[in-house]
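Shown next, in structure tokens, is the structure this report addresses.
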Amino acid sequence: MTDPVTGRPIVAELGRPETDDERAARVAENRRKRRANQSSTNLLLSIAASLLIVLFLVVVTVREDPTPESVDYRATAEQAENGLGMPVVAPDLPEGWYANRADLGSDGSVQEWYVGLITAEERFIGVLQGFDANPTWLDQALRQPTREGESVEIGGADWTLYDRREADGIGNRGYALVTETADSTLVLYGTASESEFAQLATAVAAELDAGR
């Protein structure tokens, strides 16, 4: 419906045509509402895009824990023996065990053969073999034991057992087994259970017995 005088549309809410100022205000208000709606829409789109990026990064970067890498300790042991001219300990491991490190090093005047083992229960045992070792080397290897060890027989070999798991400041040397060969001192230490230590000590004893 239009005003017969002006020919302008009659606004139902007003019951008359809009004035120029009213029309300008209405147009301005409609533009403001459109801009506000566009801003809200853009904000929602931006948030959605950000969430998609985060989801993509999670899918791409998150992986299951990789299987720990094992090392060929026997091949390394063969190389070490060639360099030393003496046999190093590389026992058969129980099922589910693996080595994550094997190397030949030195602690001052004492050559050291080391193998780091992870047991089937995901515990750690270190095999440390010192050649022409002395009491000072053994004290350092055991982190200065404050009491005498206990003599035990495992796998037909004589071992000295050090159980200091309640002591502070000795790290993973709280439980250790020590035995000697003709030219070396052998230390087993770590966080594994006593039964796992017995398994390894038995395997080591069998290797030492076979090498005699």
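The values are calculated or read from the model by the stated rules, or taken from the named source; none is laboratory data. None of these values were measured; they are calculated from a predicted model. FYI the Cβ positions are ideal-geometry reconstructions off the backbone, even for glycines, and counts take in every protein chain you see. Please note that ligands, DNA and RNA were not included when accessible areas were found on the heavy atoms of the full protein model with its side chains. Shrake-Rupley method; radii C 1.70, N 1.55, O 1.52, S 1.80 Å.
Here are a few things to note about the model shown:
- Some residue of the stretch 105-115 being open to solvent by less than 70 Å² (accessible area, probe 1.4 Å), modelled with pLDDT under 90 and assigned to a strand (DSSP E or B): yes
- Selection status of residue 176, within 23 Å of residue 207 (Cβ to Cβ), open to solvent by 20 Å² or more (accessible area, probe 1.4 Å) and without any contact (Cβ under 8 Å) to a residue 60 or more places away in the chain: no
- Residue 80 vs. criteria without any contact (Cβ under 8 Å) to a residue 12 or more places away in the chain, among the aliphatic types (A, V, I, L, M) and either outside any loop (DSSP other than H, G, I, E, B) or out of contact with any strand residue (DSSP E or B) (no Cβ under 8 Å at 6 or more places or on another chain) (or both): no
- Unique residue being closer than 23 Å to residue 95 by Cα, touching a residue at least 40 places away in the same chain (Cβ under 8 Å) and of a type in the set (Asp, Glu) when the list is 207, 122: 207
- Scanning the stretch 72-123 for residues that are more than 26 Å from residue 196 (Cα to Cα) and touching a helix residue (DSSP H, G or I) at 6+ places or on another chain (Cβ under 7 Å) yields 107, 110, 111.
- Residue satisfying condition, being touching a Leu at 6+ places or on another chain (Cβ under 7 Å) and basic (Lys, Arg), within set 173, 164: 173
- The lone exception for residue 153 - which of (1) farther than 23 Å from residue 107 by Cα; (2) surrounded by 14 or more Cβ atoms within 10 Å (Cβ to Cβ) it fails: (2)
- Condition met for residue 90 (out of contact with any Gly (no Cβ under 7 Å at 6 or more places or on another chain), at pLDDT 95 or above, of a type in the set (Gly, Ala, Ser) and assigned to a loop (DSSP other than H, G, I, E, B)): yes
- Residues that are aliphatic (A, V, I, L, M) and open to solvent by 30 Å² or more (accessible area, probe 1.4 Å) within the stretch 128-150 comprise 133, 138, listed in sequence order.
- Between 192, 133, 176, the distinction of being within 27 Å of residue 85 (Cβ to Cβ) and not β-branched (Val, Ile, Thr) belongs to 133 only.
- Here 54, 59 are screened, and the one residue that is open to solvent by 70 Å² or more (accessible area, probe 1.4 Å), assigned to a helix (DSSP H, G or I) and at pLDDT below 70 is 59.
- Checked against (1) among the hydrophobic types (A, V, I, L, M, F, W, C); (2) under 15 Å from residue 91 (Cβ atoms); (3) surrounded by fewer than 20 Cβ atoms within 10 Å (Cβ to Cβ), residue 161 passes all but condition (2).
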